[in-house]
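Working notes, beginning with the structure itself.
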Amino acid sequence: MTPEPGTGPPARAGYSQPATGSPAPQPAASPPGGRAAVRHQRVALVDLLDRVLASGVVVTGDVTLSIAEIDLVTISLRALVSSVREADLLPGLSGEGRDR
Amino acid sequence: MTDYGTWVYAVTAGAGTVPAGLAGVGGTRLRSVSNEGLVAVVSAVDLAEYGEEPLRRNLEDLDWLEATARAHHSVIDAVAQDGPTVPMQLATLYRSDERVAAMLGDKHEDFRAVLDRIRARVEWGVKIYLSAGEGEPAPAGGEGEPAGAGDGGNEGGGASRPGAAYLRRRRSELSAREQAHTAAAASAEEVHAELTALSVEARVHKPQHAQLTGRSEPMIFNGTYLVGEERTSEFTSAVDELAARHGGVRVELTGPWPPYSFTFPAEEEAEMGSVHR
């Protein structure tokens with residue numbers, strides 16, 4: 001994905017790095033725009049899926065209530081994530097454990 | 001004739017501009033829907049691909065899921081550059097823009113509350129793995145024990161009782177591994193406690209599957225922290241310092257993220273294993 005050109009000050013690199021034990025250079029109060037400069041590092045898919053599928057405002061199915069109730073698609077994405085992950089682990093397994 | 005639905009990426013307060021130069025899922029054009037001072041960033045999606053049944057199928061296709069999740073996140077992240085932004089879960093779909101506007105009208109107080117809670121705060125993720133090599137038994141010394149886990153070469157005293165020697169080795173391996181896990185768990189607790197102290201709120205997620213992380217070392221902790229932007233340096237330095245202090249584990253920081261994990265109050269998260277102040 002092509003990153004947007006950043007205009008903010010350089011900030012701590014991207015989305016993911018191991019803590020090295022040395023202090024990271026960091027501007028004092030990093031404004032939201034500061035992140036734009038270095039969002040070239042690719043977000044790990046598993047970290048992304050953890051967030052867009054299991055978090056955010058709308059949570060369907062048997063978890064907790066949402067602020068915004070969707071009125072078109074009501075899939076229990078949490079169960080679907082499990083089936084997606086199982087499919088990744090065990091080829092041929094699909095569609096199990098999903099519910100609405 | 002094509003049926004469309006409205007895919008919602010994020011809700012924010014403000015002028016209603018959409019990020020420039022960025023497309024939504026499937027390359028769709030981003031637009032905004034406004035009501036009650038709130039702005040939903042949306043795009044029209046073809047229900048032949050994004051309707052309920054096609055979506056179920058497509059979400060099982062990891063390539064489709066990845067492309068869609070990345071597009072969804074890119075929009076949220078771009079919107080979040082301009083102010084507090086409530087991320088919507090993937091596949092939040094409405095029948096029309098009018099329905100989105102109505103939703104904003106119905107829920108505007110709830111959205112305001114979330115926006116207030118997340119204003120000038122960012123999410124960080126901290127994952128902790130057992131370090132590679134931890135839990136290996138120390139090389140054997142004395143007592144004629146064979147070194148390492150060799151399969152019976154030159155054990156000296158162990159050769160006459162290979163079964164007993166094997167059991168001693170296994171016990172030593174297991175106890176070394178248990179000790180390593182216990183120590184790692186203690187490290188994770190300490191890391192979590194110290195980072196929570198720097199955070200507005202903290203939530204603990206399930207560790208990720210090894211097959212998805214691609215790591216051989218087990219993940220023992222997966223936490224997220226909502227931290228005031230003014231404490232970014234302090235927080236990231238603390239992570240570095242904790243990583244250095246706890247050599248038996250590997251600590252990884254991800255972020256800053258839009259506040260995906262903190263959009264609803266901690267009380268409602270109780271069954272998800274949250275920790276908050």
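Rule-based calculations on the coordinates, nothing more; no lab input. What you are looking at is a predicted structure, and each value in this text was computed from that prediction instead of being measured. Because the Cβ atoms are built from the backbone with ideal geometry, glycine has one as well, and the counts that use them run over all protein chains shown.
Miscellaneous remarks
- Test: residue in the stretch B:52-61 that is crowded, with 21+ Cβ neighbours inside 10 Å and within 11 Å of chain A (Cβ to nearest Cβ): yes
- Subset of the stretch B:201-242 [free of Cβ contacts under 8 Å to residues at least 40 places away in the same chain, over 25 Å from B:Ser74 (Cβ atoms) and within 7 Å of chain A (Cβ to nearest Cβ)]: B:Gln211, B:Ser233, B:Ser237, B:Asp240
- Wholly within the stretch B:9-87, strands (runs of 3 or more DSSP E) carrying at least 1 residues that are over 26 Å from the mean Cα position of the chain (by Cα), under 24 Å from B:Leu226 (Cα atoms) and in contact (Cβ under 8 Å) with a residue 12 or more places away in the chain: B:38-46
- Checking the stated criteria, B:Ala113 turns out to be more than 7 Å from every other protein chain (Cβ to nearest Cβ) and within 29 Å of B:Glu234 (Cβ to Cβ).
- Within the stretch B:62-94, if we keep just the residues that are of a type in the set (S, T, N, Q) and either more than 20 Å from B:Val122 (Cβ to Cβ) or within 8 Å of chain A (Cβ to nearest Cβ) (or both), the residue that is surrounded by the fewest Cβ atoms within 10 Å (Cβ to Cβ) turns out to be B:Gln81.
- Just one of the numbered conditions (1) out of contact with any His (no Cβ under 8 Å at 6 or more places or on another chain); (2) part of a helix (DSSP H, G or I) is not true of B:Ser199: (2).
- Qualifying residue in the stretch B:107-119 (condition: buried (at least 17 other Cβ atoms within 10 Å of the Cβ) and not in a helix (DSSP H, G or I)): no
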